[in-house]
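This report concerns only the one structure given below.
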Amino acid sequence: MDKDFDHSSPYIYSLFPKGYPPYPQPTSHGYPPPGHDMGYTNAPPPGYQYPPVPVPVGPQNFPITNQPMTGGGDMGGYGQNIPVNVPPGLEYLTQVDALFVKQKVELLEAFLGCETNNKYAIKNNQGQVIFKAKEDTDCCTRNCCGPLRPFDLKIKDGSDREVIHLARPLACTSCCCPCCLQSIDIFAPPGQLCGRVEQEWSLCIPKFVIKNAAGDVVLRIEGPFCTFSMCGDVEFKILSKDGTTKVGKISKKWSGLLREAFTDADNFGINFPMDLDVRMKAVMLGACFLIDFMFFEKSQNKEGDGIGML
(Lines give C-alpha, C1' and ligand atoms only; values in the text may rest on other atoms or scores of the structure.)
Protein backbone atom coordinates (compact mmCIF):
# COMPACT_ATOMS: atom_id res chain seq x y z
CA MET A 1 0.00 0.00 0.00
CA ASP A 2 1.19 3.54 -0.80
CA LYS A 3 2.85 5.13 2.22
CA ASP A 4 1.57 8.56 1.10
CA PHE A 5 -2.05 7.32 1.19
CA ASP A 6 -4.04 9.33 3.68
CA HIS A 7 -5.99 6.86 5.83
CA SER A 8 -7.95 9.67 7.47
CA SER A 9 -9.30 10.85 4.17
CA PRO A 10 -13.10 10.58 3.70
CA TYR A 11 -12.29 8.84 0.42
CA ILE A 12 -11.69 5.54 2.17
CA TYR A 13 -15.23 5.46 3.55
CA SER A 14 -16.68 5.95 0.06
CA LEU A 15 -15.27 2.55 -0.87
CA PHE A 16 -17.80 0.75 1.37
CA PRO A 17 -21.31 0.13 0.01
CA LYS A 18 -24.21 2.17 1.28
CA GLY A 19 -25.50 1.07 4.65
CA TYR A 20 -22.21 -0.46 5.76
CA PRO A 21 -21.48 0.61 9.35
CA PRO A 22 -18.60 3.06 9.56
CA TYR A 23 -15.41 1.99 11.27
CA PRO A 24 -15.61 3.18 14.91
CA GLN A 25 -13.43 6.09 15.74
CA PRO A 26 -10.95 5.62 18.58
CA THR A 27 -11.97 7.10 21.91
CA SER A 28 -10.00 8.26 24.87
CA HIS A 29 -11.84 5.86 27.18
CA GLY A 30 -9.91 2.78 26.10
CA TYR A 31 -11.36 -0.64 25.27
CA PRO A 32 -14.15 -1.61 25.56
CA PRO A 33 -16.22 1.56 25.08
CA PRO A 34 -18.26 2.67 28.09
CA GLY A 35 -21.56 0.82 28.43
CA HIS A 36 -20.52 -1.92 26.00
CA ASP A 37 -21.61 -5.39 27.25
CA MET A 38 -18.91 -7.98 26.60
CA GLY A 39 -21.05 -10.88 27.80
CA TYR A 40 -19.21 -11.34 31.08
CA THR A 41 -21.23 -12.16 34.19
CA ASN A 42 -21.20 -9.92 37.18
CA ALA A 43 -18.58 -10.60 39.84
CA PRO A 44 -19.68 -12.62 42.90
CA PRO A 45 -20.74 -10.60 45.94
CA PRO A 46 -18.12 -9.83 48.60
CA GLY A 47 -17.46 -12.75 50.93
CA TYR A 48 -18.55 -15.41 48.42
CA GLN A 49 -16.64 -18.70 48.81
CA TYR A 50 -16.14 -20.92 45.79
CA PRO A 51 -16.97 -24.63 46.30
CA PRO A 52 -13.93 -26.92 46.77
CA VAL A 53 -12.54 -28.63 43.68
CA PRO A 54 -13.14 -32.42 43.91
CA VAL A 55 -9.97 -34.49 44.22
CA PRO A 56 -9.92 -37.93 42.53
CA VAL A 57 -9.31 -40.78 44.91
CA GLY A 58 -8.06 -44.32 44.53
CA PRO A 59 -8.82 -47.53 46.43
CA GLN A 60 -9.85 -46.99 50.06
CA ASN A 61 -10.33 -43.26 49.31
CA PHE A 62 -6.62 -42.50 49.15
CA PRO A 63 -6.05 -39.34 47.03
CA ILE A 64 -4.48 -39.92 43.61
CA THR A 65 -1.49 -37.60 43.58
CA ASN A 66 0.02 -38.82 40.30
CA GLN A 67 -2.71 -38.68 37.70
CA PRO A 68 -1.90 -40.83 34.63
CA MET A 69 -1.29 -38.85 31.45
CA THR A 70 -2.52 -39.85 28.02
CA GLY A 71 0.14 -40.41 25.44
CA GLY A 72 3.60 -41.83 25.64
CA GLY A 73 5.53 -39.89 28.24
CA ASP A 74 5.78 -37.45 31.08
CA MET A 75 5.03 -33.77 30.69
CA GLY A 76 7.86 -32.10 32.48
CA GLY A 77 7.97 -34.78 35.18
CA TYR A 78 4.30 -34.54 36.09
CA GLY A 79 1.99 -37.54 35.91
CA GLN A 80 2.94 -41.04 34.82
CA ASN A 81 2.60 -43.31 31.84
CA ILE A 82 -0.55 -45.35 31.37
CA PRO A 83 0.29 -49.08 31.15
CA VAL A 84 -0.55 -50.44 27.72
CA ASN A 85 -2.24 -53.76 27.01
CA VAL A 86 -3.46 -54.10 30.61
CA PRO A 87 -7.00 -55.27 31.48
CA PRO A 88 -9.06 -52.41 32.96
CA GLY A 89 -8.80 -52.25 36.73
CA LEU A 90 -5.47 -54.10 36.91
CA GLU A 91 -3.21 -51.12 36.24
CA TYR A 92 -2.10 -51.03 39.88
CA LEU A 93 -0.74 -54.58 39.67
CA THR A 94 1.99 -53.39 37.30
CA GLN A 95 3.56 -51.53 40.25
CA VAL A 96 3.69 -54.34 42.85
CA ASP A 97 5.68 -57.52 43.41
CA ALA A 98 3.73 -58.75 46.45
CA LEU A 99 0.12 -59.12 47.55
CA PHE A 100 -1.42 -60.14 50.85
CA VAL A 101 -4.75 -61.94 51.11
CA LYS A 102 -6.61 -61.82 54.41
CA GLN A 103 -9.79 -63.83 54.93
CA LYS A 104 -12.56 -62.33 57.03
CA VAL A 105 -13.55 -64.22 60.19
CA GLU A 106 -17.18 -65.38 60.02
CA LEU A 107 -18.61 -65.77 63.55
CA LEU A 108 -21.55 -67.90 62.41
CA GLU A 109 -19.14 -70.31 60.76
CA ALA A 110 -16.79 -70.36 63.75
CA PHE A 111 -19.45 -71.14 66.38
CA LEU A 112 -21.99 -73.22 64.47
CA GLY A 113 -19.87 -74.83 61.78
CA CYS A 114 -22.25 -73.59 59.08
CA GLU A 115 -20.37 -72.71 55.90
CA THR A 116 -20.80 -69.13 54.68
CA ASN A 117 -19.48 -67.36 51.61
CA ASN A 118 -15.78 -66.62 52.06
CA LYS A 119 -14.75 -62.97 51.99
CA TYR A 120 -11.24 -61.63 51.53
CA ALA A 121 -9.32 -58.37 51.56
CA ILE A 122 -6.38 -58.11 49.15
CA LYS A 123 -3.72 -55.66 50.33
CA ASN A 124 -0.42 -54.22 49.17
CA ASN A 125 2.76 -54.37 51.25
CA GLN A 126 1.74 -51.15 53.06
CA GLY A 127 -1.42 -52.81 54.32
CA GLN A 128 -3.74 -50.77 52.09
CA VAL A 129 -6.75 -52.64 50.70
CA ILE A 130 -6.63 -52.58 46.90
CA PHE A 131 -9.22 -55.28 46.10
CA LYS A 132 -12.00 -57.14 47.86
CA ALA A 133 -13.08 -60.67 46.99
CA LYS A 134 -16.27 -62.57 47.79
CA GLU A 135 -17.34 -66.12 47.05
CA ASP A 136 -20.64 -66.61 45.24
CA THR A 137 -22.20 -70.01 46.00
CA ASP A 138 -25.52 -71.22 47.41
CA CYS A 139 -25.95 -72.62 50.92
CA CYS A 140 -26.62 -76.19 49.76
CA THR A 141 -23.42 -76.33 47.67
CA ARG A 142 -21.26 -74.92 50.47
CA ASN A 143 -22.51 -77.30 53.16
CA CYS A 144 -22.83 -80.46 51.05
CA CYS A 145 -19.61 -80.24 49.04
CA GLY A 146 -17.43 -78.53 51.64
CA PRO A 147 -13.92 -77.58 50.46
CA LEU A 148 -14.46 -79.45 47.18
CA ARG A 149 -17.33 -77.18 46.20
CA PRO A 150 -17.39 -75.40 42.86
CA PHE A 151 -17.56 -71.64 43.20
CA ASP A 152 -17.44 -68.29 41.48
CA LEU A 153 -15.40 -65.62 43.20
CA LYS A 154 -15.67 -61.95 42.30
CA ILE A 155 -12.76 -59.58 42.90
CA LYS A 156 -13.71 -55.89 42.95
CA ASP A 157 -11.75 -52.66 43.19
CA GLY A 158 -12.35 -49.66 45.45
CA SER A 159 -15.20 -48.38 43.25
CA ASP A 160 -17.03 -51.75 43.54
CA ARG A 161 -16.23 -52.63 39.93
CA GLU A 162 -15.55 -56.30 39.23
CA VAL A 163 -12.09 -56.56 37.70
CA ILE A 164 -11.30 -60.29 38.09
CA HIS A 165 -13.64 -63.28 38.04
CA LEU A 166 -12.61 -66.76 39.23
CA ALA A 167 -14.49 -69.95 38.34
CA ARG A 168 -13.71 -73.31 39.92
CA PRO A 169 -15.52 -76.42 38.64
CA LEU A 170 -16.39 -79.46 40.77
CA ALA A 171 -13.51 -81.96 40.74
CA CYS A 172 -11.50 -84.36 42.90
CA THR A 173 -8.29 -83.79 44.83
CA SER A 174 -7.24 -87.38 45.50
CA CYS A 175 -4.23 -88.86 43.71
CA CYS A 176 -6.47 -91.85 42.96
CA CYS A 177 -8.38 -89.84 40.33
CA PRO A 178 -5.78 -88.40 37.94
CA CYS A 179 -8.38 -87.75 35.25
CA CYS A 180 -10.48 -85.32 37.33
CA LEU A 181 -8.12 -83.01 39.19
CA GLN A 182 -8.58 -79.47 40.45
CA SER A 183 -8.48 -76.36 38.28
CA ILE A 184 -9.58 -72.76 38.31
CA ASP A 185 -10.14 -70.29 35.46
CA ILE A 186 -9.25 -66.63 35.81
CA PHE A 187 -11.06 -63.98 33.78
CA ALA A 188 -9.81 -60.38 33.57
CA PRO A 189 -11.83 -58.46 32.66
CA PRO A 190 -14.81 -60.69 33.52
CA GLY A 191 -15.80 -62.71 30.47
CA GLN A 192 -12.30 -62.73 28.95
CA LEU A 193 -10.06 -65.65 29.91
CA CYS A 194 -6.55 -64.58 30.90
CA GLY A 195 -5.21 -67.79 32.41
CA ARG A 196 -5.83 -71.09 34.15
CA VAL A 197 -4.39 -73.04 37.08
CA GLU A 198 -4.40 -76.84 36.76
CA GLN A 199 -3.43 -79.45 39.31
CA GLU A 200 -0.92 -82.06 38.13
CA TRP A 201 -1.12 -85.66 39.27
CA SER A 202 1.32 -86.30 42.09
CA LEU A 203 1.52 -88.84 44.88
CA CYS A 204 3.68 -86.92 47.37
CA ILE A 205 3.61 -83.15 46.88
CA PRO A 206 1.04 -80.70 45.45
CA LYS A 207 1.88 -79.63 41.91
CA PHE A 208 0.19 -77.11 39.63
CA VAL A 209 0.82 -75.58 36.23
CA ILE A 210 0.04 -71.96 35.36
CA LYS A 211 -1.24 -71.49 31.82
CA ASN A 212 -2.00 -68.39 29.79
CA ALA A 213 -5.16 -67.82 27.74
CA ALA A 214 -3.69 -69.78 24.83
CA GLY A 215 -3.11 -72.83 27.04
CA ASP A 216 0.70 -72.53 27.11
CA VAL A 217 2.50 -73.35 30.36
CA VAL A 218 4.07 -70.20 31.80
CA LEU A 219 4.94 -71.12 35.40
CA ARG A 220 4.70 -74.00 37.86
CA ILE A 221 3.83 -74.29 41.54
CA GLU A 222 5.11 -76.91 43.95
CA GLY A 223 3.95 -77.30 47.53
CA PRO A 224 5.49 -79.04 50.55
CA PHE A 225 5.11 -82.70 51.46
CA CYS A 226 3.31 -81.67 54.67
CA THR A 227 0.76 -78.85 54.56
CA PHE A 228 0.12 -78.81 58.31
CA SER A 229 0.34 -75.25 59.60
CA MET A 230 2.01 -75.75 62.98
CA CYS A 231 3.31 -72.43 64.36
CA GLY A 232 4.85 -71.48 61.03
CA ASP A 233 4.24 -70.59 57.41
CA VAL A 234 3.48 -73.15 54.70
CA GLU A 235 5.24 -72.26 51.45
CA PHE A 236 4.25 -73.11 47.89
CA LYS A 237 7.09 -72.29 45.51
CA ILE A 238 6.43 -70.52 42.21
CA LEU A 239 8.87 -71.95 39.66
CA SER A 240 9.90 -71.14 36.10
CA LYS A 241 8.38 -72.96 33.16
CA ASP A 242 10.98 -75.74 33.29
CA GLY A 243 10.69 -76.03 37.08
CA THR A 244 14.36 -75.30 37.78
CA THR A 245 14.26 -71.70 39.06
CA LYS A 246 12.26 -70.28 41.95
CA VAL A 247 10.71 -66.93 40.95
CA GLY A 248 8.23 -66.38 43.79
CA LYS A 249 6.08 -68.05 46.41
CA ILE A 250 2.59 -68.34 47.86
CA SER A 251 2.79 -68.58 51.64
CA LYS A 252 0.06 -69.54 54.06
CA LYS A 253 0.80 -67.32 57.07
CA TRP A 254 0.56 -68.51 60.65
CA SER A 255 -2.39 -66.57 62.13
CA GLY A 256 -2.10 -67.46 65.79
CA LEU A 257 -3.24 -70.45 67.84
CA LEU A 258 -6.85 -69.38 68.49
CA ARG A 259 -7.53 -68.27 64.95
CA GLU A 260 -5.97 -71.40 63.48
CA ALA A 261 -7.84 -73.69 65.88
CA PHE A 262 -11.34 -72.26 65.74
CA THR A 263 -11.68 -70.63 62.31
CA ASP A 264 -10.69 -71.25 58.71
CA ALA A 265 -9.93 -67.58 58.12
CA ASP A 266 -6.46 -67.80 56.61
CA ASN A 267 -3.85 -65.23 55.63
CA PHE A 268 -1.67 -65.59 52.54
CA GLY A 269 1.27 -63.76 51.02
CA ILE A 270 2.03 -63.85 47.29
CA ASN A 271 5.45 -62.83 45.93
CA PHE A 272 6.25 -62.64 42.21
CA PRO A 273 8.63 -60.73 39.90
CA MET A 274 7.78 -57.07 39.40
CA ASP A 275 7.99 -57.45 35.61
CA LEU A 276 5.68 -60.48 35.49
CA ASP A 277 2.82 -60.02 33.03
CA VAL A 278 -0.09 -58.42 34.86
CA ARG A 279 -2.43 -61.19 33.67
CA MET A 280 -0.18 -63.79 35.28
CA LYS A 281 -0.26 -61.78 38.51
CA ALA A 282 -4.05 -62.09 38.40
CA VAL A 283 -3.65 -65.83 37.78
CA MET A 284 -1.41 -66.02 40.88
CA LEU A 285 -4.35 -64.67 42.87
CA GLY A 286 -6.50 -67.45 41.46
CA ALA A 287 -3.85 -70.02 42.42
CA CYS A 288 -3.82 -68.65 45.97
CA PHE A 289 -7.58 -69.10 46.35
CA LEU A 290 -7.45 -72.60 44.87
CA ILE A 291 -4.70 -73.59 47.33
CA ASP A 292 -6.72 -72.14 50.20
CA PHE A 293 -9.79 -74.22 49.36
CA MET A 294 -7.83 -77.39 48.66
CA PHE A 295 -5.58 -77.49 51.72
CA PHE A 296 -6.71 -74.99 54.36
CA GLU A 297 -10.51 -74.71 54.11
CA LYS A 298 -12.17 -76.52 57.01
CA SER A 299 -15.28 -78.65 56.71
CA GLN A 300 -17.45 -78.21 59.80
CA ASN A 301 -14.40 -76.95 61.74
CA LYS A 302 -12.31 -79.99 60.79
CA GLU A 303 -8.83 -79.50 59.36
CA GLY A 304 -8.29 -80.46 55.72
CA ASP A 305 -4.51 -80.15 55.53
CA GLY A 306 -2.34 -83.21 55.87
CA ILE A 307 0.58 -85.21 54.47
CA GLY A 308 1.11 -85.77 50.79
CA MET A 309 -1.83 -85.87 48.37
CA LEU A 310 -3.70 -88.81 49.93
| field | Extended-chain gain in nm, criterion 0.36 nm per residue less alpha-carbon gap, K154 and D216 | value | 19.8 nm
| said: So, taking all protein chains as they sit and a 1.4 Å probe, how much accessible area belongs to W201, in Å² rounded to tens? | reply: 140 Å²
| Which value, in Å² rounded to 10, gives the accessible area of C172 with a 1.4 Å probe and all protein chains present? | 50 Å²
| task | With a ≥ b ≥ c taken as the square roots of the eigenvalues of the C-alpha gyration tensor of segment 127-241, please select rounded if a/c is under 1.5 and otherwise prolate if a/b is larger than b/c or oblate if it is not? | result | rounded
| note | Computed from the beta carbon distance with a Förster radius of 25 Å, FRET efficiency for E162 and Q95 to the nearest 0.05 stands at 0.75
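The values are calculated or read from the model by the stated rules, or taken from the named source; none is laboratory data. Owing to the predicted nature of the structure, the values given are computational and were not obtained by experimental measurement. So basically every Cβ, Gly included, is an ideal-geometry build from the backbone, and we count neighbours across all protein chains shown. Protein only, heavy atoms only, side chains kept; ligands, DNA and RNA dropped before computing areas. Shrake-Rupley method; radii C 1.70, N 1.55, O 1.52, S 1.80 Å.
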